[in-house]
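J.: The structure is given below, and queries will be raised subsequently.
The values are calculated or read from the model by the stated rules, or taken from the named source; none is laboratory data. All values reported here derive from a predicted model rather than from experimental measurement. Every residue, glycine as well, gets a Cβ built from its backbone with ideal geometry; the counts of neighbours run over all protein chains shown.
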Amino acid sequence: MVKVARFFLSPLSLIIRTELCIVGAFVLSIIALCAGRWPGPIEGFAILTVDSSSLANATSPGALPINDWYDAHYLSICTGMWNHHTASMGKNHSTTVCWLQSTGYTFSIANFVGNKDAQQAILDHQPPLKTMVPFVLLVLSIVSMGISIVAFLHGVIMMVRHEKTPDAVMRGVPLLLLRIAFSACIATNVFKMISSAKITVSASKSSGTFDIFPGKNLHAWRHDGFLVITWVSVGLVWIAIGLMVVAAFRLAPMLKKQERQVAGADRRWYRL
């Protein structure tokens, strides 16, 4: 039990857990980025869903040639029909299609409406969803996480390989790699925080019920699943930074002790 506790609080264990947190945040960020590239399990992690069935109802006058619903993702848009054209009945997945968008696109139902008056009415009432800045920052955070993962992994391998050598602390702790990994973690945190905040605010502005014409409206909402993976990944990065700070404090006295031992050995050699 004592050995387990010591390992749990050891720098190596702390760095391994830091690596796992960064890997988890990386996976969640990739899911958020790639959701909706094709119909499937992660299609549901949409940034915003718009129920346009009121405007598309073919039985009412002035119906527009659009689908019942639209899902906005970072790299794509998915669309289809509701079962029995009613949102409460859920999506008819046999009608779902997804297609890629240009990176950093601006999403609005007005883009799918051929009627210019209807386009302007939609733009006047529902703010578009802007993805450019959040997308760029998310990609930068993923790149930073990739650097952290590689640096931490290399560091862990070196520490394990040299753990049982007499000078394990000095030779087995790749300080440069750990500094690079920690710096990349800080950059990741900044990029992730700003990206997550911006996409959350943008989706909030585009959410709600908007009366477009008398008796016709758009209903848009944010997806809890997308918000969960977005902000959980931010939380994991914060945890990783915390673990790395603790690891640094645990390493500091060990490094100082080893430096004194090395300095003493050098002085003895010089006297000889």
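J.: Those residues that are over 28 Å from ILE77 (Cα atoms) and out of contact with any Lys or Arg (no Cβ under 6 Å at 6 or more places or on another chain), I need them from region 11-33; list them, please.
T.: Matches in region 11-33: LEU12, SER13, LEU14, ILE15, ILE16, ARG17, THR18, GLU19, LEU20, CYS21, ILE22.
J.: How many residues does region 7-55 contain that are surrounded by 17 or more Cβ atoms within 10 Å (Cβ to Cβ) and farther than 29 Å from PHE152 by Cα?
T.: Qualifying residue count, region 7-55: 14.
J.: For residues in region 81-101 being of a type in the set (A, V, I, L, M, F, W, C) and not in a strand (DSSP E or B), which is nearest to TRP69 (Cα to Cα)?
T.: The qualifying residue nearest to TRP69 (Cα to Cα) is ALA87.
J.: Which of the residues that make up region 183-222 are assigned to a strand (DSSP E or B) and exposed (fewer than 15 other Cβ atoms within 10 Å of the Cβ)?
T.: Selection gives GLY208, THR209, ASP211.
J.: I want to confirm something. Restricting to region 223-240 and keeping residues that are assigned to a helix (DSSP H, G or I) and not aliphatic (A, V, I, L, M), which single residue is farthest from PRO41 (Cα to Cα)?
T.: Residue satisfying both the conditions and the ranking: TRP238.
J.: Going through region 12-52 one residue at a time, which ones are under 12 Å from the mean Cα position of the chain (by Cα) and among the polar types (S, T, N, Q)?
T.: Within region 12-52, SER29 is the sole residue that qualifies.
J.: Would you point out which residue out of VAL113, VAL97, VAL143, VAL136 is among the aliphatic types (A, V, I, L, M), out of contact with any Gly (no Cβ under 7 Å at 6 or more places or on another chain) and surrounded by fewer than 17 Cβ atoms within 10 Å (Cβ to Cβ)?
T.: Of the residues listed, the single one that is among the aliphatic types (A, V, I, L, M), out of contact with any Gly (no Cβ under 7 Å at 6 or more places or on another chain) and surrounded by fewer than 17 Cβ atoms within 10 Å (Cβ to Cβ) is VAL143.
J.: If you go through region 71-87 one residue at a time, do you hit one that is of a type in the set (D, E, K, R), touching a helix residue (DSSP H, G or I) at 6+ places or on another chain (Cβ under 6 Å), at pLDDT 85 or above and buried (at least 18 other Cβ atoms within 10 Å of the Cβ)?
T.: no
J.: Pick from SER183, SER233: which is modelled with pLDDT of 95 or more, farther than 30 Å from THR86 by Cα and among the small types (Gly, Ala, Ser)?
T.: Answer to the check: SER233.
J.: Does at least one position in region 46-60 carry a residue that is under 29 Å from VAL136 (Cα atoms), at pLDDT 85 or above, in a loop (DSSP other than H, G, I, E, B) and in contact with a His (Cβ under 7 Å, 6 or more places away or on another chain)?
T.: Yes; the residues of region 46-60 include at least one that is under 29 Å from VAL136 (Cα atoms), at pLDDT 85 or above, in a loop (DSSP other than H, G, I, E, B) and in contact with a His (Cβ under 7 Å, 6 or more places away or on another chain).
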